[in-house]
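Please read the structure below before turning to the comments.
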Amino acid sequence: MLNNTSVAQTDYSPLSPQHQGNPYEFYARARKEYPVFYSPMLKLWIVTRYAEINQVLKDTSRFSSANSNLVDIEISPEVEAVLKEGYADMPRPSLVDNDPPGHTRVRSLVSSVLTPARIAALEPHIYATANALVDDWINSGCVDIISNFASKLPLFIIGDFLGIPRQDIQTVKKWCDDWLIILSGGAPVEQHVGCARSFVSLQHYVADILKQRSINPQDDLLTGLLNASLEGEANLSTPEIISLVMQLLFAGHETTAHLIGNGVALLVQHPQQLEALRQNPSLAVNAVEEVMRFESPVPGLIRTTTEAVELGGVQLPKSARLQLLYASGNRDNTQFTEPERFDIHRIPNGKHLAFGGGIHYCVGAALARLEGRIALEVLTQRLPNLRMVPNQEIAYVPSIIIRGLLKFLVEWDLRA
Ligand code: HEM
């Protein structure tokens, strides 16, 4: 058995431009030589092989999702004073940061609202929104597809779906982002008070809408969450719904934005596959699965051990924090043939981990797939000879839990 120190990898530097340019070579080496290793820089144990990732996903009693924030933040008295203006004990654990039995209750209530039928009914609205976005810039011949399309479509759709007025959605998103920046350790301490104010504004904003919906119900998710009930279970409280709105907005926006962005980037770099998709739009279903596998928008998420445990031959102490590298598992040749080859003709084997697995399997997967399919379909159908603008600088989102491009310029032929 390896001991802890022999697997410490000081050269793992996931935010370096070199690693971000191609993390997959490192992942392949890690799967072979040090499948579970410790990153002193991140203070995380990194799990790289499909088998061990799957083992952790299935063992929720020894690998907890509670407190799955990236960092322990220190709440200063100034921040605490601001937070007191909001709901007590916020944020509440809801889904991604919860364990059974609390998770089971919230997940059942959310699933009773986020039904396959409700998601499928969004299809015409997603087509209309995607086409309207393309209308805005189609005559320009060149656009940053991330800020003008990939980022906007999922934000508008999840906002509309929740029932947040379109004119408020950017502000609401910013409030969520500010708080998440603190949780991911991205904000300097002097910005924490401002971020806390954003969080409190979000709480009051959502609580106000919920009050309105209790008097005047609408056909939206907020009304659905407010009224969701299961026999023998307490309904969702206002603070719980606020936490859920944050998770749905973050999980339903940033991730899908990068599915679309990564998809466009991969397709323009594989022009024959782009052309095959243009000629046969029904290939978009497979294309989405292959993009998810090949460039997973969420490369990995966090778990914590509840007791000392052995994983992949490595002894982990109690309270060890782990990152499950889904993006590495998705290139594991024990599960996928020729995993380093991008191929939208590949028949999906249903095994990729890009939506996680087990009880935390992405609750919005059907929506993400629908948006991804429609986005790739609309873009390839409407933009003739779609291609990458040459010689542009490529930079990735500086995050270990999101993989996507900050900006990606594409051009196409203008119709005469
Ligand atoms: C391409 C887009 C998406 C990707 C890559 C993605 C990825 C994931 C992953 C990997 C997990 C598992 C979390 C874990 O292992 O701890 C997850 C869970 C989750 N996702 Fe998504 N997601 C996407 C879209 C969405 C959408 C559109 C929504 C909202 C409608 C959403 C809401 C959630 C929520 C609430 C959870 C937590 C579920 C639970 O813990 O029970 N996601 N997602």
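The values are calculated or read from the model by the stated rules, or taken from the named source; none is laboratory data. Everything numeric here is computed off the predicted structure, so don't read it as measured data. Using ideal geometry, Cβ is built from the backbone for each residue, glycine included, and neighbour counts are taken over all protein chains shown. Side chains included, ligands, DNA and RNA excluded: accessible areas come from the protein's heavy atoms. Shrake-Rupley method; radii C 1.70, N 1.55, O 1.52, S 1.80 Å.
Once the Cβ-Cβ distance between Arg387 and Thr337 is put in as r, and R0 is 35 Å, what FRET efficiency do you end up with, to the nearest 0.05? For R0 = 35 Å, the calculated efficiency reads 0.75. Just how far, in whole angstrom, is the range 214-229 from the range 343-370 if you go by their alpha carbon centroids? Between the Cα centre of the range 343-370 and that of the range 214-229, the gap is 28 Å.
Within the chain, the whole DSSP H helices whose Cα atoms reach 18 Å or more along their own axis and whose mean Kyte-Doolittle score is at least -1.0 are 123-137, 169-183, 192-215, 238-268, 365-382. Using just its DSSP H runs of length 4 or more, each adding -39500 (n - 2.57), the chain gives a mean residue ellipticity at 222 nm of -14500 deg cm²/dmol after division by all residues.
The trypsin sites (Lys or Arg not before Pro) of the range 332-416 that meet both conditions, a loop assignment by DSSP and at most 15 other Cβ atoms within 10 Å of the site Cβ, are Arg341, Lys351, Lys407, Arg415. Would you work out if the range 219-357 is rounded, prolate or oblate? Take a ≥ b ≥ c from the square roots of the eigenvalues of the alpha-carbon gyration tensor; rounded if a/c is under 1.5, else prolate when a/b is larger than b/c, oblate otherwise. Verdict is oblate for the range 219-357.
Stretching the chain fully between Asp413 and Ser13 yields a gain of 140.0 nm (0.36 nm per residue, less the alpha carbon separation). Expressed to the nearest 5 percent, the antiparallel share of DSSP beta bridges inside the chain is 80 percent. Each residue of the range 10-19 was assigned a 3J(HN,Hα) from its phi angle through the Karplus curve 6.51 cos²θ - 1.76 cosθ + 1.60 (θ = phi - 60°); the sequence is 7, 8, 7, 9, x, 9, 6, x, 5, 5 Hz, with glycine and proline shown as x. Classification of the range 52-161 by its C-alpha gyration tensor yields a prolate form. The axis ratio a/c (a ≥ b ≥ c) is 1.5 or more, and a/b outweighs b/c.
For the range 298-315, putting each phi into the Karplus relation 6.51 cos²θ - 1.76 cosθ + 1.60 with θ = phi - 60° gives couplings of 10, x, x, 10, 9, 9, 10, 6, 9, 7, 5, 8, 9, 9, x, x, 10, 8 Hz, in residue order, rounded to whole numbers and with x for Gly and Pro. Taking the protein heavy atoms of the chain in the context of the full set of protein chains, the accessible area attributed to carbon and sulfur is 53 percent at 1.4 Å.
Using the Kirkwood radius over Cα pairs, work out the Stokes-Einstein diffusion coefficient for the chain at 25 °C and 0.890 mPa s, in µm²/s as a whole number. The diffusion coefficient I find is 109 µm²/s.
Working from Cα pairs under 8 Å separated by at least six residues, relative contact order for the chain is 26 percent. Take the alpha carbon gyration tensor of the range 100-190, find the square roots of its eigenvalues, order them as a ≥ b ≥ c, and report rounded if a/c is under 1.5; if not, report prolate when a/b exceeds b/c, else oblate. Judged from the Cα gyration tensor, the range 100-190 comes out oblate (a/c at least 1.5, b/c at or above a/b). Look at the alpha carbon pairs under 8 Å that are at least 6 residues apart: their mean separation over the length of the range 287-334 gives a relative contact order of 42 percent. Taking label points 7 Å from Cα along the Cα-to-Cβ direction, Glu85 and Ile394 give a separation of 4.5 nm. With all protein chains kept in place, the per residue accessible area of the chain amounts to 44 square angstrom at a probe of 1.4 angstrom.
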